[in-house]
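To start, the structure itself, in structure tokens.
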Amino acid sequence: MIKRVLIANRGEIALRIIRACRELGVETVAVYSEADAESLHCKLADHAVCIGPANPKESYLYVPNIISAAEITGCDAVHPGYGFLSENADFADICKKHQLTFIGPEPKIITLMGDKSEARAAMTAAGVPIVPGTAPLESLKRALSEANKIGYPLIIKASGGGGGKGMRIVRNDSDLSSSFDIAKNEARMAFSNDEVYMEKYIERARHIEFQIIADNYGNAVHLGERDCSIQRRHQKLVEESPSVFLTDELRRKMGDIAVRVVKSVKYTNAGTIEFIMDENKNYYFMEMNSRIQVEHPVTEMVTSIDLLKEQILVAGGAKLSFSQSDIKFRGYAIECRICAEDPANHFMPQVGTIANYIPSGGPFIRIDTHVYSGYSIPTHYDSMIAKVIAWGETRKEAIARMKRALAEIRFDGLTVNIAFFEKLLNNEKFLKGDITTNFIAGMEV
């Protein structure tokens, strides 16, 4: 059993891990940058250690300081959360070498699934449908040749990561010629790896992901899907479960494939299998995220399973506490990511101090946040400041509850994207479930 966890992250996910550990009787150590000295995760953890300046490269991404913090505080495990070092195989390996349990998959699996082109090859070998695409492209000349074999439109992707970095949609040779080097440079800056590949770009696509979790004894399950199609710049803003687009038969088939993927690579701990789906309901493996996701509360709301606690227990050597047949799905859940940004100005990130924070209340509403009245938003990190999650017996009820929650919540003194969500939740196409990954691009914000 794990006894003390160092949380190698910040913000709301750090708080989420602290709360799961506390319920399990596990002590926590928070790490923080100088910019986060007043952050709530520092106040709620059992111990807190400053690991460097505000710049993430000198703090949350600086492995020597994180490992030192774990050792001087007597930790026996590290939870990476999401982002930062969560999918860094070298970090997972270093933790292992320092006798620290990494709460996530084995380093070699992170390496395999983190390299998107390698993951595509592994999925092909496992008989999983993938989007037509290429191997890593060493030159523009090769890219042009492959493009004309597959056919436009195409999307350039970074082999070493996601989150929209290094992605470019190209519709002809001219687009590809002007975008190829830009995509490689973005990939190099974001992931220290400029390798890119291309996939067929699916118009009117949906982004459907399946939550999975597996233990060290060969047991693996999926916990249903999340529809993450509402995105801006390839980053998710709204997630919901279940997807209104999937039939029960399709859900069963895709869930079975998700579990097959997990078992084929001997994956352990929590992760997601991500699919892209066209308007004819053809689906293709896109990638695997080898970590907990921002949107995990959506799954927790419809399954009543605490994913963070299960992660910690599995990492500590326990078997999964449930089988596939034990998982029951009830109702609908929807999540909106509240970000300090201005939708009317191309979603430009905002900074400032929250003069007054008032959370939403009432039944079946969950708020995951690290902010409070008087909290100043640092300039160095992601713009997300809260997640609002609403549950209902029906999708209509979940949306109605979300509208109520957004009408109540306040972040006075700061520009946030709530007005955008209020407009989205009244959009007729959204209410019908007629959504795609380019929905926001065609919506007036």
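The values are calculated or read from the model by the stated rules, or taken from the named source; none is laboratory data. Fair warning: this is a prediction, and the values are worked out from it, not measured in the lab. Every residue, glycine among them, receives a Cβ derived from its backbone with ideal geometry; neighbour counts consider all protein chains shown.
The rows are residues; the columns are (1) of a type in the set (Ser, Thr, Tyr); (2) farther than 30 Å from residue 221 by Cα; (3) surrounded by 20 or more Cβ atoms within 10 Å (Cβ to Cβ).
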| residue | (1), (2), (3) |
| --- | --- |
| 320 | no, no, no |
| 334 | no, no, yes |
| 374 | no, yes, no |
| 378 | no, yes, no |
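So in the stretch 215-255, with the set limited to residues that are among the polar types (S, T, N, Q) and crowded, with 21+ Cβ neighbours inside 10 Å, which one is nearest to the chain's Cα centre (by Cα)?
229
Within the stretch 263-274, the set of residues being more than 14 Å from the chain's Cα centre (by Cα) and either among the charged types (D, E, K, R) or modelled with pLDDT of 95 or more (or both) comprises 263, 266, 267, 268, 269.
Residue count for the stretch 130-175 satisfying the condition of being among the aliphatic types (A, V, I, L, M), crowded, with 18+ Cβ neighbours inside 10 Å and not in a strand (DSSP E or B): 4. The numbered conditions (1) in contact (Cβ under 8 Å) with a residue 40 or more places away in the chain; (2) under 30 Å from residue 443 (Cα atoms); (3) within 22 Å of the chain's Cα centre (by Cα) are all true for residue 349 except (1). Scanning the stretch 138-195 for residues that are in contact with a strand residue (DSSP E or B) (Cβ under 8 Å, 6 or more places away or on another chain), on the phi < 0 side of the Ramachandran plot and among the small types (Gly, Ala, Ser) gives 143, 147, 158, 159, 162, 179, 183, 187, 190.
Taking only the stretch 256-309 into account, find how many residues are of a type in the set (Ser, Thr, Tyr) and either surrounded by fewer than 18 Cβ atoms within 10 Å (Cβ to Cβ) or farther than 30 Å from residue 26 by Cβ (or both).
Qualifying residue count for the region: 4.
Residues in the stretch 176-214 that are modelled with pLDDT under 95, buried (at least 17 other Cβ atoms within 10 Å of the Cβ) and of a type in the set (Asp, Glu): 186, 194, 195, 199. Here residue 402 meets the list (1) in contact (Cβ under 8 Å) with a residue 60 or more places away in the chain; (2) in a strand (DSSP E or B) almost entirely, failing just condition (2). The single residue among 26, 31 that is closer than 23 Å to residue 215 by Cα and surrounded by 22 or more Cβ atoms within 10 Å (Cβ to Cβ) turns out to be 26. Regarding the stretch 30-43, can at least one residue be identified that is in contact (Cβ under 8 Å) with a residue 12 or more places away in the chain, in a strand (DSSP E or B) and more than 23 Å from the chain's Cα centre (by Cα)? Scanning the stretch 30-43, I find no residue that is in contact (Cβ under 8 Å) with a residue 12 or more places away in the chain, in a strand (DSSP E or B) and more than 23 Å from the chain's Cα centre (by Cα), so the answer is no. Scanning the stretch 313-335 for residues that are more than 20 Å from residue 395 (Cβ to Cβ) and either part of a strand (DSSP E or B) or of a type in the set (Phe, Trp, Tyr) (or both) yields a single hit, 322.
Checking each residue in the stretch 419-445 for being within 22 Å of residue 340 (Cβ to Cβ), surrounded by 20 or more Cβ atoms within 10 Å (Cβ to Cβ) and not aromatic (Phe, Trp, Tyr) picks out 424, 440.
All of (1) farther than 30 Å from residue 281 by Cβ; (2) of a type in the set (Asp, Glu); (3) surrounded by fewer than 19 Cβ atoms within 10 Å (Cβ to Cβ); (4) touching a residue at least 40 places away in the same chain (Cβ under 8 Å) hold for residue 368 with one exception: (3). Among the residues of this structure, residue 50 does not count as one that is crowded, with 22+ Cβ neighbours inside 10 Å and either part of a helix (DSSP H, G or I) or over 23 Å from the mean Cα position of the chain (by Cα) (or both).
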